[in-house]
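For reference, the structure is listed below as structure tokens.
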Amino acid sequence: MITAIDKNTALVLIDLQNNIVAYPTVHPIDDIIKRSAELMHAFHTAALPVVIVTVDTYGAPWTHARKEAKQNTAPAPDGALDITPGIKPRETDIFIVKKTWSAFHETGLHEILQERSITNIVLGGVATSLGVEGTARSASALGYNVTFAIDAMTDITIEAHDRSLKYIFPRIGESGTTEKIIEQIPGA
């Protein structure tokens, strides 16, 4: 349940890019994109920062480490890393390219948010248990209030999505629907 949204809050949308939204997900991706766009509109209306995070793991050291799951280590094809057409960022938005699950790891995002006195981030995007959770864990460690837009995120398996919502997110922040978050945004 959301108790408050700080007046210095930023929206952080994770990996809403062509190659990621093309994966099969447990919730209709068009609904996730629509709700993410609604959040973006509310943040723009309230003159609050919007952060668009994309992922490009090509050349990242972790992709070459041993693991059981197969990793794609090839460069992304043309257009794969482009923001999905349903998301319409503004030139004034903050654009971050990450190489890992966390939008904070070696991206400068923390410094950018600190320059703007941000104390709270609202998270949405794909995938719940990967980029969203990875970013949330880092945000929590850095002392941000974290708010999860639970109907503006999805995953590739229901088990992974539900695990994050049920066990991890309550330890990190507060969760609510897009509608409830927008109701709490100062000036929206």
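See the values below:
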{"read-out": "Potential lengthening between ALA4 and ALA65 on full extension [0.36 nm per residue; Cα-Cα distance subtracted]", "value": "17.9 nm"}
{"read-out": "Karplus-derived 3J(HN,Hα), 6.51/-1.76/1.60, for each residue of region 3-15, Hz, glycine and proline x", "value": "9, 6, 10, 5, 5, 9, 10, 10, 8, 10, 9, 9, 6"}
{"read-out": "Over 20 Å between alpha carbons, listed pairs LYS99/LYS166; LYS34/LYS166; LYS7/LYS180", "value": "LYS99/LYS166; LYS34/LYS166"}
{"read-out": "Order of MET1, MET40, MET153 - criterion: other Cβ atoms within 10 Å of each residue's Cβ, fewest first", "value": "MET1, MET40, MET153"}
{"read-out": "Cα→Cβ-extended label distance, 7 Å offset, between GLU106 and THR119, nm", "value": "3.3"}
{"read-out": "Order of LEU142, LEU165, LEU11 - criterion: other Cβ atoms within 10 Å of each residue's Cβ, fewest first", "value": "LEU142, LEU165, LEU11"}
{"read-out": "Farthest positive-ward along the chain dipole, Cα basis, beta-carbon charges - from ALA47, LEU123, TYR58", "value": "TYR58"}
{"read-out": "Loop GluC sites (Glu not before Pro), region 85-188, which have at most 16 other Cβ atoms in a 10 Å radius of their Cβ (DSSP)", "value": "GLU91, GLU106"}
{"read-out": "Summed residue charge, Cβ within 9 Å of HIS27's Cβ, Lys/Arg positive, Asp/Glu negative", "value": "-3"}
{"read-out": "Other-chain or far-sequence residues with amide H under 5 Å of THR84's (modelled H)", "value": "GLN17, ASN18"}
{"read-out": "Neighbourhood charge, 15 Å Cβ-Cβ cut-off, centred on HIS41 and excluding it, Lys, Arg +1 and Asp, Glu -1", "value": "0"}
{"read-out": "Within the chain: Cβ-based charge dipole about Cα centre, in debye rounded to nearest 20 (Lys, Arg +1; Asp, Glu -1)", "value": "380"}
{"read-out": "Long-range HN-HN contacts of ASP151 with modeled amide H, under 5 Å", "value": "THR178"}
{"read-out": "Residue exposure sequence - HIS161, HIS41 - by fewest surrounding Cβ within 10 Å", "value": "HIS41, HIS161"}
{"read-out": "Vicinal HN-Hα couplings computed from phi for region 176-186 (Karplus, 6.51 cos²θ - 1.76 cosθ + 1.60; Hz; Gly/Pro x)", "value": "x, 7, 3, 4, 5, 5, 4, 4, 8, 5, x"}
{"read-out": "C-alpha long axis of helix 29-45 to longest principal axis of the chain, angle in °", "value": "40"}
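Each value in this text was obtained by applying a stated rule to the coordinates, not by laboratory testing. Only a predicted model underlies this, so the values are computations on that prediction, with no experimental measurement involved. Don't worry about glycine lacking a Cβ; one is built from the backbone with ideal geometry, like all the others, and counts go over all protein chains shown.
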